[in-house]
Amino acid sequence: MQPCTAADATSTPNAAANGGAATAGAARERNVAAVHAFYAAINSGDAEALLAVLAEDVEWDCFSLPTSAQRAGVPWLQGARGKEALRRYQQAVRQAGLDAGKLEAWVPKQVVAEGDTLFTMSETTIASKITGKVARMEGAYMFKLNAEGKVTAFRHFVDTGAHVWVHTPDERVAEVWAALGGAEHGKVDGSSDGM
């Protein structure tokens, strides 16, 4: 997997600034449609449909500072850069035991678009086949799109503490929390305020 580095967190110029022919309204509608296609692909489990809405050099969860879930090794919140890295990422997620059968539809409740950047709010449930743990949460998600309406960057803004809890076997929860900075970051029952 090609991990992200601080240098990877770049901005993509929007279509209007790039001299694109699409009007701002048409570009917004195209971008909103691309984000809905992204969610449809995630919900159907169609990896190829997901890859079809992504740019070749997509940045997936590439933060300038790693999240606690990335530091704790939660496979489904690791960063990846490029479609090929994302294919390897998807395989790692399957092997890590994310229980797609228990995932509830990941449907955006709200979409806010400004230029080439869209934010969505949604609810989701995550579950692990390995630990048997389940957590329900709300999250915000950021998308950047290019002039062709392909997603060039995607980031989760979620309760990473809950993701760490779902991924971590009970006998290792206290050890993982301590390594992440201790109890000031959240509770060990998966109900943290996020990290």
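No value in this document is a laboratory result; all are computed from the given coordinates. Keep in mind that this is a model prediction, so the values were computed, not measured. Positions of Cβ are backbone-derived with ideal geometry, glycine not excepted, and every protein chain shown enters the neighbour counts.
So if R0 is 30 Å, what FRET efficiency would Ala96 and Glu56 give, r being the distance between their Cβ atoms, rounded to the nearest 0.05? E between Ala96 and Glu56, to the nearest 0.05, is 0.75. Counting every other Cβ atom within 10 Å of each residue's Cβ, Val107, Val164 order from fewest to most as Val107, Val164. Applying the criteria of a DSSP loop state and at most 10 other Cβ atoms within 10 Å to the trypsin sites (Lys or Arg not before Pro) of segment 108-175 yields no site. Dividing the mean sequence gap of close Cα pairs (under 8 Å, 6+ apart) by how many residues segment 17-185 holds gives a relative contact order of 23 percent. Between Glu148 and Met121, the contour length at 0.36 nm per residue exceeds the Cα-Cα span by 7.4 nm.
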